[in-house]
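Please read the structure below before turning to the comments.
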């Protein structure tokens, strides 16, 4: 097993071991701090466009942060796997972000967001009221992760989706990893294409 796989296995086991009630309480507290930081500039101009995610398994649950975004009239955008049209008959998929209106949040979560690995037809997403958002539109991104270190290096699940997405953001976009303290490791194994995050917010 290589260094990344070993680190990933240990960090996931540590995260999974956090009691459910503890994980929920710490997610709530982290969401409040995240909202305070991300929405700090919202009063100075137009509503923000923010990338979030629907928690998978034992990830930090961002539901309270999403609701804070809606309360601030910000756009909450979620990752969805869609067919890669550029690959033609190869039928590969790519991660794209879609804005989810507040009034469609519950329905979108039940039908799409709670299935982060499933590939959806863009026409189906449009019927649910979800609209595609280009990377350059984002003011902030809350990034899920498996492990992190003091240098804000991130280890993901190994699919490379965020590795391809993050370099396409604007230079002034806030890129914030979110994690529990149990996910911190002495050093994340890195390759040349692995970019550090601006910050990691820990619950």
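Return the residues of the range 59-85 that are part of a loop (DSSP other than H, G, I, E, B), surrounded by fewer than 18 Cβ atoms within 10 Å (Cβ to Cβ) and either out of contact with any helix residue (DSSP H, G or I) (no Cβ under 6 Å at 6 or more places or on another chain) or modelled with pLDDT of 95 or more (or both); say none if nothing qualifies.
Across the range 59-85, the qualifying residues are 73, 84.
Scan 156, 136 and give me the residue that is loosely packed, with under 14 Cβ neighbours inside 10 Å, in contact with a helix residue (DSSP H, G or I) (Cβ under 9 Å, 6 or more places away or on another chain) and either closer than 30 Å to residue 185 by Cα or touching a residue at least 12 places away in the same chain (Cβ under 8 Å) (or both).
Exactly one of 156, 136 is loosely packed, with under 14 Cβ neighbours inside 10 Å, in contact with a helix residue (DSSP H, G or I) (Cβ under 9 Å, 6 or more places away or on another chain) and either closer than 30 Å to residue 185 by Cα or touching a residue at least 12 places away in the same chain (Cβ under 8 Å) (or both), namely 136.
Quick one: which residue in 103, 88 is outside any loop (DSSP other than H, G, I, E, B), modelled with pLDDT of 95 or more and farther than 18 Å from residue 168 by Cβ?
103
One line per residue, one yes/no per condition, for (1) more than 20 Å from residue 59 (Cα to Cα); (2) assigned to a strand (DSSP E or B); (3) out of contact with any strand residue (DSSP E or B) (no Cβ under 7 Å at 6 or more places or on another chain):
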position: 123; (1), (2), (3): yes, no, yes
position: 145; (1), (2), (3): no, no, no
position: 159; (1), (2), (3): no, no, yes
position: 162; (1), (2), (3): no, no, no
position: 167; (1), (2), (3): yes, no, yes
position: 170; (1), (2), (3): yes, no, yes
position: 177; (1), (2), (3): no, yes, no
position: 193; (1), (2), (3): yes, no, yes
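Please identify the pairs in which a residue from the range 21-33 that is under 10 Å from residue 62 (Cα atoms) has its Cβ atom under 6 Å from the Cβ atom of a residue that is in a helix (DSSP H, G or I), counting only partners at least 6 apart or on another chain.
Every condition considered, the pairs that remain are 28/64; 31/64; 31/65.
When you scan the range 110-125, how many residues do you find that are loosely packed, with under 14 Cβ neighbours inside 10 Å and closer than 14 Å to residue 79 by Cα?
Residues that pass the stated criteria total 4.
The values are calculated or read from the model by the stated rules, or taken from the named source; none is laboratory data. Quick caveat, the model's predicted, so the values are computed rather than measured. In this analysis, Cβ positions are derived from the backbone assuming ideal geometry, glycine residues included, and neighbour counts consider all displayed protein chains.
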